[in-house]
1. Being surrounded by 15 or more Cβ atoms within 10 Å (Cβ to Cβ) and either acidic (Asp, Glu) or on the phi > 0 side of the Ramachandran plot (or both) is the filter here; which residues of segment 77-93 pass it?
2. Need the failing condition index for Pro16 against (1) in contact with a Lys or Arg (Cβ under 7 Å, 6 or more places away or on another chain); (2) open to solvent by 60 Å² or more (accessible area, probe 1.4 Å); (3) within 27 Å of Pro95 (Cα to Cα), just the number.
3. How many of the residues making up segment 19-30 are modelled with pLDDT of 90 or more and surrounded by 12 or more Cβ atoms within 10 Å (Cβ to Cβ)?
4. Taking into account only those residues within segment 36-57 that are surrounded by 11 or more Cβ atoms within 10 Å (Cβ to Cβ) and assigned to a helix (DSSP H, G or I), which is farthest from the chain's Cα centre (by Cα)?
5. Kindly evaluate Asp78 against the criterion of being assigned to a helix (DSSP H, G or I) and at pLDDT below 90.
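The values are calculated or read from the model by the stated rules, or taken from the named source; none is laboratory data. Model, not experiment: these values are computed from the prediction. Here the Cβ positions follow ideal geometry from the backbone for every residue, glycine too, while neighbour counts run over all protein chains shown. Quick note on the areas: whole protein, heavy atoms, side chains included, nothing else; ligands and nucleic acids left out. Shrake-Rupley method; radii C 1.70, N 1.55, O 1.52, S 1.80 Å.
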Amino acid sequence: MKSKKAKKKLPLAYKPIGFALGWTGGTVAGMAFQKTWKVIRKEDNAPDALDRDRGWGEILLAAAIQGAIFAVVRSAVDRAGAKAVERSTGTWPVPDKGGRD
């Protein structure tokens, strides 16, 4: 059985791992979004909110697709990382609280 002290240290020790996983997941999500946009619109560059030549619909569509991809990738990476830590240490890496920070 793990001690309370070890359980309290694990979330702090997981922070750098979580950061690295998040950074990697963000990179993967960005690449996935660029490829998805290229398939949908046959363009290399997705619209930016400040692009004068793009309409509201196109900008909001791009933002919605990008947000969905980032949310799915972030959740998959977070979950996979937490499960890996649990398998290797026997302890879930974060306190039992619901929701995101």
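1. Asp78, the sole residue that qualifies.
2. Evaluating Pro16 over (1) in contact with a Lys or Arg (Cβ under 7 Å, 6 or more places away or on another chain); (2) open to solvent by 60 Å² or more (accessible area, probe 1.4 Å); (3) within 27 Å of Pro95 (Cα to Cα) leaves (1) as the failure.
3. Residues flagged as modelled with pLDDT of 90 or more and surrounded by 12 or more Cβ atoms within 10 Å (Cβ to Cβ) within segment 19-30 amount to 6.
4. The extreme case among them is Arg41.
5. Working: assigned to a helix (DSSP H, G or I): yes; at pLDDT below 90: yes.
For Asp78, the condition - assigned to a helix (DSSP H, G or I) and at pLDDT below 90 - is met.
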